[in-house]
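Here the structure is laid out as structure tokens; the discussion comes afterwards.
The values are calculated or read from the model by the stated rules, or taken from the named source; none is laboratory data. What you see is a predicted model; the values in this text were computed from it and never measured. Ideal geometry is used to build each Cβ from the backbone, glycine not excepted, and the neighbour counts take in all protein chains shown. The protein model used for the area step is the full one, side chains on, heavy atoms only, and it has no ligands, DNA or RNA in it. Shrake-Rupley method; radii C 1.70, N 1.55, O 1.52, S 1.80 Å.
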Amino acid sequence: MATRKPGRARTGEPTGVRALERGLRLLEELGSGEALSLSELARRTELTPSTTYRLLETLRRRHFVDWDEHSGLWRIGLRAYQIGQAFCHPNSLSSLALEAMQRLVARVNETVNLAVLDGAEAVYIQQVESRQMLRMFTQLGARVPLHCTGVGKVLLAWRSEEEVRQLLGPEPLAAFTPHTLTRVDAVLQELERVRRLGYAIDREEREIGVRCLAAPVRDATGRVVAALSLSAPAVRLPERRLAELAPVVLETTRELSLRLGWQPETEPLPVDQSSPT
């Protein structure tokens, strides 16, 4: 009686290859941006729940997928996003945005940042500094809260109220300055204002003496995939200048969104009920 070689499936295909293929199928299902339960992922990929869980846990440890302990749902992770963007390098999101960010800094002479959502925080993935003697600096990869930053508000504003509440967590929210909003209902009201204006403002909510203006970057589906912000010492960003700079920042984010395939006529409803990427 013939025996199977160790590590090979009945089809002659290496077991490792089958596991890789199954893992990729899970990533493909989550790649649509929809957050899914373990049972739904198992059903869609025709895998057993136990196999699905083992594969997801491996992917989670490598940050290719994320698991929300509150909802029990799985979604695509930041590492998968980074790998996907590398496919079209140098046209990845951060690289694609760099030229437009440089033009914006040349125009307004203030520091500009690009951030994406990762878990319940915003992560900075690109920065162009101003030429001012006194200027803002943020380490790439730095993580910041969502409720008290311009980029965070933008990344929250077009998500459902239920998801916003999950991302913000229990009250009171962390207070960094006397201006920080520490109640979820207050943040939700602020997000309504962000959607109405099309941009967010951090009025010294994260750090005294620093103000930021941020606007959304959308992908081909219309979802907000990043936030671009302009930051400066508060003395250089009075209310009057914020109002003057808002159209300039929005012009830049519109350009980036169009390059990502966004079609203005297909912009989603004010609150995007779909799950985040």
* **Matching entry among Arg206, Arg240 (being over 23 Å from Ser160 (Cβ atoms), open to solvent by 10 Å² or more (accessible area, probe 1.4 Å) and part of a helix (DSSP H, G or I))** => Arg240
* Structure fact -> Within region 118-127, restricting to residues that are open to solvent by less than 30 Å² (accessible area, probe 1.4 Å) and of a type in the set (A, V, I, L, M), the one that is modelled with the lowest pLDDT is Val123
* To do: Check region 68-75 and report whether any residue there is part of a strand (DSSP E or B), in contact with a Ser or Thr (Cβ under 7 Å, 6 or more places away or on another chain) and either open to solvent by less than 50 Å² (accessible area, probe 1.4 Å) or under 24 Å from Arg159 (Cα atoms) (or both).
  => yes
* To do: Return yes when Leu188 is assigned by the TED database to the domain that holds Pro216, open to solvent by 10 Å² or more (accessible area, probe 1.4 Å) and not hydroxyl-bearing (Ser, Thr, Tyr) and no when it is not.
  => yes
* Could you give me the residue pairs with C-beta distances under 8 Å whose first residue belongs to region 246-262 and is free of Cβ contacts under 8 Å to residues at least 60 places away in the same chain, whose second residue is assigned to a helix (DSSP H, G or I) and open to solvent by 60 Å² or more (accessible area, probe 1.4 Å) wherever it lies, and which are 6+ apart or on separate chains? => Ala246/Leu197
